[in-house]
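S.K.: I have a structure I would like to understand better, so I am pasting it below and will then ask my questions one at a time.
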Amino acid sequence: MNTAGRKGLGILFILGAALCFALMNLFVNLAGDLPLFQKVFFRNGLTVVVVGAMLCFQKEHFRIRSKACVPWHFLRSALGLLGVILNFYAIDRIGSISDASILNKLSPFFAILFSVFLLREKPRIPELIFVLIAFAGAMCVVDPRFDMAALPALAGLGSGACAGFAYTCVRILGNKGERGIMTVFFFAAFSTVVTLPLMIVTYEPMTAMQLCWLLLAGAAATGGQFCITAAYRQAPAKEIAVFDYMQVFFAAILGYLFLDQLPKTLSIVGYVIIIGAAVGQWAYHLVRARRAQSAAAVTAQPTAGTASATPARIPPETPPEPPDPSE
């Protein structure tokens, strides 16, 4: 398949992931007034079973590539689990699953900030500007006030921060040679083990319909993980990641159809600002990449008097390790 075809396939996969995670948020909300840890347990339990079964058929099975990966696995899993808990809390109480979705989607902007400390990367001025614009949009969604009513929105903002930290840890694990599927399994297994005793302590009996919603939430989360992994195998993140923000659109439609939720005007303004910042950042990186490729092509061309020289071959871009945020 040519590059354009792979990019198109990658976009379809990432749209599939966006739909899956929007459905997950819907199913968690439809499960009703159940304890938070009960919902989180079911969200990760199915992923453990499915991904664990897949690892059984792989050559390396459950082997972690190196001891250096272990502390990053635990750090990524702990922050990722906290992100899921905060996200589910926001979904239950914020009043709009699209609001919860957009606040969680601030994770790429938080990842830029965390990469300064964890990866010693220096963000460029345009990147920092886009981060500030995104946070300005987040303030519209949060609608800051000095009472407890703002707590769910702040939890949604915190879920985005935790997901951004987790995403940075995933990059570090990828740099250390860890398999993406092992990162997914470790996080799901860690979350299941940690939330199991908390679920037992707070457990409340469920109706058959509530159990069905939680199982569907787990299935949607697992499907989202597979789709986003497949997406980043087809095309580089900088070319397709912006389409992940379609989750907010899907969540708004699902919230309206099944929950009678209509986003506030100020929230819609925030959506536009945040997604605009994401599109701007995507376009900025795309332009920089094309300029770098053009400059490399010019440098590789033979100069006068060296016509017989073989032009340097530009290696194809290698897609990064698939991001596995705490969604």
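The values are calculated or read from the model by the stated rules, or taken from the named source; none is laboratory data. Computed from a predicted structure; not experimentally measured. Cβ atoms come from the backbone with ideal geometry, glycine included; neighbour counts cover every protein chain shown. What goes into the accessible areas is simple: the full protein's heavy atoms, side chains included, and nothing from ligands, DNA or RNA. Shrake-Rupley method; radii C 1.70, N 1.55, O 1.52, S 1.80 Å.
S.K.: If I take R0 = 35 Å and measure r between the Cβ atoms of N2 and Y256 in this structure, what FRET efficiency does the formula 1/(1 + (r/R0)^6) give, to the nearest 0.05?
M.R.: Here the calculated transfer efficiency is 0.35.
S.K.: Compute the length gained on full extension between C56 and I125: take 0.36 nm times their separation in residues and subtract their Cα-Cα distance, giving the result in nm to one decimal.
M.R.: Working it through step by step, the gained length comes to 20.3 nm.
S.K.: A further question follows. When ranked by the protection proxy of mean other Cβ atoms within 10 Å per residue, highest first, what sequence do the peptides 269-276, 82-89, 97-104, 195-202 form?
M.R.: Top of the packing list down: 97-104, 82-89, 269-276, 195-202.
S.K.: Further, regarding this structure: Could you report the chain's accessible area per residue, 1.4 Å probe, as an integer in Å²?
M.R.: Using a 1.4 Å probe on heavy atoms only, each residue of the chain averages 48 Å².
S.K.: With a 10 Å cut-off between alpha carbons and a GNM built on the chain, which of F226, F258, F250 moves the most?
M.R.: So, out of F226, F258, F250, the one fluctuating most is F258.
S.K.: Let me ask something else about it. Quick one: compute a quarter of the convex hull surface over the Cα atoms of the stretch 212-261 and quote it in nm².
M.R.: 4.0
S.K.: Could you give me the radius of gyration and the Dmax of the stretch 82-154, taking only the C-alpha atoms into account and expressing both in angstrom?
M.R.: Final numbers for Rg and Dmax: 13.7, 38 Å.
S.K.: Tell me, in nm to one decimal, what length is gained between V287 and R93 on full extension, where the rule is 0.36 nm per residue of separation less the Cα-Cα distance?
M.R.: 65.8 nm
S.K.: Principal axis lengths of the chain from Cα atoms, whole Å, largest first?
M.R.: Answer, in whole Å and largest first: 81, 50, 36 Å.
S.K.: Next question. Fully extended, how many nm does the chain gain between V116 and L12 (0.36 nm per residue separation, minus their Cα-Cα distance)?
M.R.: Extra length from V116 to L12 when fully extended: 34.3 nm.
S.K.: Still on this structure, please answer the following. Once Rh is set to the Kirkwood radius over Cα pairs, what Stokes-Einstein translational diffusion coefficient, in µm²/s, holds for the stretch 17-153 at a temperature of 37 °C and a viscosity of 0.692 mPa s?
M.R.: 187
S.K.: Please say if the stretch 132-261 is rounded, prolate or oblate, where rounded means a/c under 1.5 for a ≥ b ≥ c the square roots of the C-alpha gyration tensor eigenvalues, and otherwise the choice is prolate for a/b larger than b/c and oblate otherwise?
M.R.: Verdict is rounded for the stretch 132-261.
S.K.: Taking square-rooted eigenvalues a ≥ b ≥ c of the alpha carbon gyration tensor, is the stretch 41-119 rounded, prolate or oblate, where a/c under 1.5 means rounded and, failing that, a/b exceeding b/c means prolate?
M.R.: oblate
S.K.: Just the number, please: carbon plus sulfur as a percent of the accessible area of the chain, 1.4 Å probe, no ligands or DNA/RNA counted.
M.R.: 70
S.K.: Between L106, L119, L19, find the one with the highest GNM mean-square fluctuation for the chain; connect C-alpha pairs within less than 10 Å.
M.R.: L119
S.K.: My understanding is that a pair violates if its Cα-Cα distance is over 26 Å; which of K59/K176; K7/K105; K122/K176; K7/K59 do that in this structure?
M.R.: Table pairs above 26 Å Cα-Cα are K7/K59.
S.K.: With no solvent and one equal point scatterer per Cα, compute the Debye intensity ratio I(q)/I(0) for the stretch 192-278 at 0.12, 0.15, 0.21 Å⁻¹ and report its log10, rounded to two decimals.
M.R.: -0.63, -0.90, -1.11
S.K.: GNM on the chain, C-alpha springs below 10 Å: top fluctuator among G80, G280, G16?
M.R.: G280
S.K.: Mind checking which helices in the chain clear 24 Å along their axis (Cα) and have mean Kyte-Doolittle hydropathy of 1.0 or more, DSSP H runs only?
M.R.: Those that clear 24 Å and a mean of 1.0 are 3-30, 36-56, 125-142, 151-175, 180-202.
S.K.: Under the definition of Cα pairs under 8 Å and six or more residues apart, what whole-number percent is the relative contact order of the chain?
M.R.: That works out to 38 percent.
S.K.: State the answer as a single residue: which of C56, P108, T299 lies farthest towards the positive end of the charge dipole of the chain, with beta carbon charges of +1 for Lys and Arg and -1 for Asp and Glu, about the Cα centre.
M.R.: Value computed over the given set: T299.
S.K.: Any chance you could check the Cα centroid distance between the stretch 153-211 and the stretch 232-252 for me, in angstrom?
M.R.: 20
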